[in-house]
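Here is the structure we will look at.
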Amino acid sequence: MKSVRRALSLLLTGSSLLFLSACSEVSGFGYEKGITSVNDHSLSLWQGAWIAAAVVGAITLILIIWPAIFHRRKEGKPEFPKQFQYNIPIEVVYTIVPLLIVSVLFYFTAVKQSAITKLSPDAQVAHTIEVKGIQWSWQFTYPEAGTGPNATVTGTPEKWPTLYLPQGQSVRLNFTSNDVVHGFYVPKFMYQIQTIPGVTNRVEFIPKKLGTYEGVCNILCGTSHTYMRFQVKVVTNEQYQSYIDSLKGNVA
Ligand SMILES: [Cu+2]
C-alpha cells in the first residue's frame, strides 16, 4: 500500500509540475498572439478554457483513481459497501459546480465575443473589402480600387485567390454569399465567419503581423468545397497601396 501511495503522490507532483511549467510559459495551445487584434481577444479565452479543462480533468482523474486504489474490497469485509439511495450534500455539490463552470465560461465568452464583433462607425473604418463566397472559390472586391473589373479578384478551385490586408490599419470585411453557406476561416487569425445568402456579415480587425496565412472554407458547401482555399497576405501599408493601384487599371 505504501508503494501505491508513493506512486500516486509522485504522479500528482509530476502532473502539477507539468501544469505549472505550462502556465509559466503561457502556452498558446496551438495559437499565437499578436497576429491580428482578434487574437488579442481570443487567445486568453482559449488559454483559460484549456487551463480550466486541465484543472477539471485532474480533479476528475483523482476522483476516479483514488477510490480504485484506496477503497478496494478488503479481506473480511462484505462484498458490497453500504448502499445509499440519496446523498443530498454531494448532489448539491455536483449541481452547483457544473453551473459555476458553465457560468464562468459563458461570462468570459460573452465579453470576448462582444469585443470581437464590435463595429465602429463607418467613417472610422480605414479599409473595407467585400468578401463573397461562391461555389467554389472566393471573390475579393476592393472598393478603394474603383469600379473597374480589376477591383474584383475572383479565384477558382484551381487558382486560389489572395486577399491583401494592410498591417496596422483597421479593416472591415463584409461577407456575402453567391449561392450557399460558406465558412471563411483563417486558422492563424483565430477567426471564422459564415457567408450566408441574403445576409451581410461584418467583421472588423487590425492585422498586426506581416506574413502569408492560409485560409479555407470550413462549411461543407458542395463537391469542390475542399478546393475553396485562399491566402491572406498581410503587407505594409505602402505595399497595400501599390496593390490597390495595380487593381485600378481597366485591363482585364
Ligand atoms: Cu464553401
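Only the coordinates and a few stated rules stand behind these numbers; no lab work does. Here the structure is a predicted model, which is why all the values come from computation and not from measurement. Virtual Cβ from ideal backbone geometry, glycine too; neighbours counted across all protein chains shown.
In terms of Cα atoms, the Rg and Dmax of segment 46-104 work out to 16.0, 51 Å.
What's the longest bit of the chain with no exposed GluC sites (Glu not before Pro), using DSSP loop states and at most 16 other Cβ atoms within 10 Å as the test? Please report the intermediate quantities before stating the final value.
On the way: sites that count: GLU32, GLU75, GLU79, GLU158.
Here the longest run is 159-252.
Here segment 108-157 is treated as an ellipsoid with the same Cα gyration tensor; its semi-axes, largest first and in whole Å, are 28, 18, 5. Largest mean-square fluctuation among ASP179, ASP122, ASP40, in a Gaussian network model of the chain whose springs join Cα atoms under 10 Å apart, belongs to ASP122.
Above 23 angstrom, tally the Cα pairs of the chain and express them as a % of all pairs, no decimals. Value for the chain (Cα pairs over 23 Å): 64 percent.
Thinking of segment 187-248 as a set of Cα atoms, what percent of all their pairs are more than 18 Å apart? Intermediate values should be presented prior to the final figure.
Values: 995 of 1891 pairs.
Considering segment 187-248, 53 percent of its Cα-Cα pairs are separated by more than 18 Å.
Partner lysines whose Cα lies under 24 Å from the Cα of LYS233, excluding those fewer than 8 positions away in the same chain, are identified as LYS33, LYS118, LYS132, LYS159, LYS188, LYS208, LYS209, LYS248.
Would you be so kind as to identify all helices of the chain, as entire DSSP H runs, whose Cα atoms reach 24 Å or more along the helix's own axis and whose mean Kyte-Doolittle hydropathy is at least 1.6? It would help to have the intermediate numbers written out before the result.
Working: long enough: 2-25 (35 Å, 0.72); 37-70 (50 Å, 1.37); 88-116 (42 Å, 1.68).
Sorted by number, the helices that extend far enough and score high enough are 88-116.
Using only Cα positions of segment 122-248, each an equal point scatterer, no hydration layer, compute I(q)/I(0) via Debye at q = 0.11 Å⁻¹ and quote the log10 values to two decimals. Calculated log10 I(q)/I(0) at the listed q: -0.34.
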